[in-house]
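Trainee: Below are the structure tokens for one structure; questions will follow.
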Amino acid sequence: MAVPIGMALGLQGAMVVEIFPLRSRVTSMSVAYSVTLALAGGSAPLVSAWLISTFGSPMLPAYYVIVYGAIGLAIMWPMRETNTRSLDD
């Protein structure tokens, strides 16, 4: 469990800082993080309980997490490297 969490959280800080422009970085990061946490984290217990009670399999919440991971990977995959970009852009 530590390896996937480390892979996700290890990259998160650098990636989130680089994808937003310098002037609105903190606001953009906080809004994006808060909305994502509210949608994914807030609904996770409800969706997990519904999946287990509806389908009877305690493994379905794991697939729910895998789907969110695949969505994140699909979003991150085409991102370009930004280390050569000027901070004034």
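Trainee: Suppose all protein chains stay in the model; what accessible area per residue would a 1.4 Å probe give for the chain, in Å²?
Mentor: 80
Trainee: Per the 1.4 Å probe, what fraction of the accessible area of the chain, in percent, lies on carbon and sulfur atoms?
Mentor: That share works out to 73 percent.
Trainee: How far apart, in nm, are two points set 7 Å out from the Cα along the Cα-to-Cβ line at E81 and at T36?
Mentor: 2.2
Trainee: Here is a follow-up. About its Cα centre, what dipole magnitude does the chain give when the only charges are +1 on Lys and Arg Cβ and -1 on Asp and Glu Cβ, stated in debye to the nearest 20?
Mentor: Here the size comes out at about 80 debye.
Trainee: Y63 accessible area, nearest 10 Å², 1.4 Å probe?
Mentor: 120
Trainee: Something else now. Taking every alpha carbon pair in the chain, what does the distance histogram look like in 10 angstrom bins from 0, in percent?
Mentor: 13, 38, 31, 13, 5, 1
The values are calculated or read from the model by the stated rules, or taken from the named source; none is laboratory data. Just so it is clear, the structure is predicted and the values come from calculations on it, not from any experiment. Cβ sites come from the backbone with ideal geometry, for glycine too, and all protein chains shown count toward neighbours. Heavy atoms of the whole protein, side chains included, go into the accessibility calculation; ligands, DNA and RNA do not. Shrake-Rupley method; radii C 1.70, N 1.55, O 1.52, S 1.80 Å.
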